[in-house]
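The values are calculated or read from the model by the stated rules, or taken from the named source; none is laboratory data. For clarity, every value in this text was computed on a predicted model and none was experimentally measured. Methodologically, a virtual Cβ is constructed for each residue, glycine included, from the backbone with ideal geometry; neighbour enumeration extends over all protein chains shown. Please note that ligands, DNA and RNA were not included when accessible areas were found on the heavy atoms of the full protein model with its side chains. Shrake-Rupley method; radii C 1.70, N 1.55, O 1.52, S 1.80 Å.
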Amino acid sequence: MIDFNHVSKIYKGTDTKALDDVSLHIDKGEFVFVVGASGAGKSTFLKILMREEVPTAGDVIVDGQSLNALKARKVPYYRRKLGIVFQDFRLIPTKTVYENVAFAMHVIGASQKDISRRVAYALSLVGLSAKSKSLPTQLSGGEQQRVALARALVNDAEVIIADEPTGNIDPEMSKDIVDLLEQINLNKGTTIIMVTHEVDLISNYHKRIIEIKNGHIISDSAHPEVAAENIQAIQGEAPMNAPSGYYHAPTEDAEIESFLMNYGNDKPDDPSEDADA
Ligand code: ADP
């Protein structure tokens, strides 16, 4: 479903290869952890997959579609395949839980009837039906991340991309979030790609682990015994991204709204116009 074919990325004004000849295949329905130290290239990997950045060399094929060949006006349609969850939740603080999830459907022009049905369903999947009228500030970090997950799911994304989703929540709730991702993966067959530096957390899950270092994939295995060796090796390597505390103030509403618009509506900013390649 996802193929990186010899992908390299050098950002404008730098000579570092943020990604260096990365090739990999991710099947539909797989659950993959992507790990690595700060600066390894994890975000670059995700940004290229989300078509926020374009590779300097190589191409990414998703469902048979080349991202290099994807026309700018098709990018929002491509992104509808993706549900994205961030470390800092990116909920709109003035909107309720229900409205935050519904917003992702409004931007793609869904009908009111579909919105009520799908939002109720997404909130039930993450166990937050009872909190639909709460504001994000009335929720714990773990609950806020579940709202973000409901928002990522509500348009029936084929792939959930979770970028350090447990970085801002306490360890017990972190496990709940990964358990939830696992349930979504098993029950709905959604492909899950989770970037994390929390190696202890993921060592409890027997999933494929891809380790990136200096822009290279240095290990990639679906086999738990090999993954365990990798984990030991990774644990010996500091520094990982430091977790940035229990709760982060959400970014400005306008910024979050504009982000969401870019992930759904028909007239987004064009990421290819200021692309580095
Ligand atoms: P990670 O997510 O693993 O911390 P990144 O993908 O953010 O790693 O970074 C990989 C490399 O690319 C680092 O050397 C980083 O400094 C560089 N880099 C990332 N984003 C940019 C950018 N927008 N401009 C220039 N260099 C960048």
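Across the range 153-159, computed HN-Hα scalar couplings (Karplus, 6.51 cos²θ - 1.76 cosθ + 1.60, θ = phi - 60°) run 8, 5, 8, 6, 4, 7, 10 Hz from first to last residue, x flagging Gly and Pro. Peptide packing: for 3-10, 162-169, the average count of neighbouring Cβ atoms within 10 Å per residue gives the ranking 162-169, 3-10, highest mean first.
Once neighbouring chains are kept in place and the probe is 1.4 Å, which whole percent of the accessible area of the range 1-78 is contributed by carbon and sulfur?
Numbers: 1600 of 3250 Å².
Within the range 1-78, the accessible surface is 49 percent carbon and sulfur.
The label-point distance for Ser140 and Ala120, in a model that sets each label 7 Å from Cα toward Cβ, rounds to 2.8 nm. At a probe radius of 1.4 angstrom, the accessible area of the range 5-80 per residue rounds to 43 square angstrom. Apolar share of the accessible surface for the range 89-203: 49 percent from carbon plus sulfur atoms, 1.4 Å probe.
Ranked highest first by average number of other Cβ atoms within 10 Å, how do 41-47, 56-62 line up?
Top to bottom by mean Cβ count within 10 Å: 41-47, 56-62.
Judged by the ratio a/c of the largest to the smallest principal axis of the C-alpha gyration tensor, the range 74-141 counts as oblate, that ratio being 1.5 or greater while a/b is no larger than b/c.
Computed from the C-beta positions of Gln183 and Lys12, the FRET efficiency with R₀ = 30 Å rounds to 0.15.
What does the C-alpha gyration tensor say about the overall shape of the range 157-212? Classify as rounded when a/c is under 1.5, otherwise prolate if a/b is larger than b/c, or oblate.
Numbers: a/c = 1.55, a/b = 1.30, b/c = 1.19.
Prolate, because a/c is 1.5 or more and a/b exceeds b/c.
For the residue pairs Lys175/Lys207; Lys81/Lys213; Lys81/Lys188; Lys12/Lys213; Lys47/Lys133; Lys42/Lys207, the C-alpha atoms sit more than 26 angstrom apart in Lys81/Lys213; Lys47/Lys133.
At 1.4 Å probe size, with every protein chain present, just tell me what the per residue accessible area of the range 111-187 comes to in Å².
On the way: 3210 Å² over 77 residues.
In whole numbers, the range 111-187 has 42 Å² accessible per residue.
Take the alpha carbon gyration tensor of the range 1-117, find the square roots of its eigenvalues, order them as a ≥ b ≥ c, and report rounded if a/c is under 1.5; if not, report prolate when a/b exceeds b/c, else oblate. Prolate, because a/c is 1.5 or more and a/b exceeds b/c.
In order along the range 65-72, the phi-based Karplus estimate (6.51 cos²θ - 1.76 cosθ + 1.60, θ = phi - 60°) of 3J(HN,Hα) comes to 9, 6, 6, 5, 7, 5, 6, 3 Hz; Gly and Pro are listed as x.
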